[in-house]
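Read through the structure below, which is laid out as structure tokens, and then see the notes.
The values are calculated or read from the model by the stated rules, or taken from the named source; none is laboratory data. Bear in mind the structure is a predicted one, so any value in this text is a computation, not a measurement. Glycine gets a Cβ as well: all are built from the backbone with ideal geometry, and neighbour counts include every protein chain shown.
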Amino acid sequence: MNTTHQKTPENLIEMDASKQESMQSKEQCDINELARVMTGGIRRWEKVIYPMMVAFIILAAYGFWLIFNVVKDMHQINTNMYIMTKAVVTMTNTMNQKMEKINHQMIKINQHMQVLPEMNQSLLKIKGSFDQMNDTMNGLNGEIQNMTASVQQMNSAIYGLNQSVQQIDRSVGELNHNISKPLHNMNKMMPW
């Protein structure tokens, strides 16, 4: 009989040991293959995610910068409009006062001119000129009052613009508050 085909306990132990070694070797190959595939997948994701995170951070910073500059420019516009409105209102009030003084003086001159009988005809001509001038001044006074009303409307519009700028300021503050927390958390996750 051939001893190589006999099923002795030593042969069975050797066969079990060789099967176990081949199974362990196959399991190690499978584990190594799985590790290699997982590493490749992770590297592919790293190539996508890191540039996306950097791009998002750059875009977020640029957006914040744009909003900050818009708010700053709106504030400057608001300040300049406020200064211009004050100057126009002051100028209009001054012109109103001076026009009223001129009107009162013209009335007094008219009264004095009527008292002189010998210069009556000349004074009547002058009076006519002064009346035209008085009408012109009254028209100017009306135009100045219209201008005052327009300035007051502009002042109201500037007040509304100021309110809008303040709302933008609050919105930018909330946006800054809302963006800073996620960016802070992303900074914690970054490996550098």
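Considering (1) aliphatic (A, V, I, L, M); (2) in the same structural domain as PRO182 (by TED's automatic domain parsing); (3) within 23 Å of the chain's Cα centre (by Cα), the lone condition that ILE57 does not fulfil carries the number (2).
Looking only at residues of segment 98-129 that are at pLDDT 80 or above and either of a type in the set (Val, Ile, Thr) or surrounded by 14 or more Cβ atoms within 10 Å (Cβ to Cβ) (or both), we find that the one that is nearest to MET154 (Cα to Cα) is MET99. Restricting attention to segment 50-97, the residues that are in contact with a Leu (Cβ under 8 Å, 6 or more places away or on another chain) and surrounded by fewer than 12 Cβ atoms within 10 Å (Cβ to Cβ) add up to 0.
The condition of being out of contact with any Phe, Trp or Tyr (no Cβ under 7 Å at 6 or more places or on another chain) and at pLDDT 90 or above does not hold for THR39.
To keep it simple, each residue is scored yes or no on (1) hydroxyl-bearing (Ser, Thr, Tyr); (2) within 17 Å of ILE67 (Cα to Cα); (3) under 16 Å from the mean Cα position of the chain (by Cα).
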position	(1), (2), (3)
GLU143	no, no, no
MET147	no, no, no
SER150	yes, no, no
GLN167	no, yes, yes
LEU175	no, yes, yes
ILE179	no, yes, yes
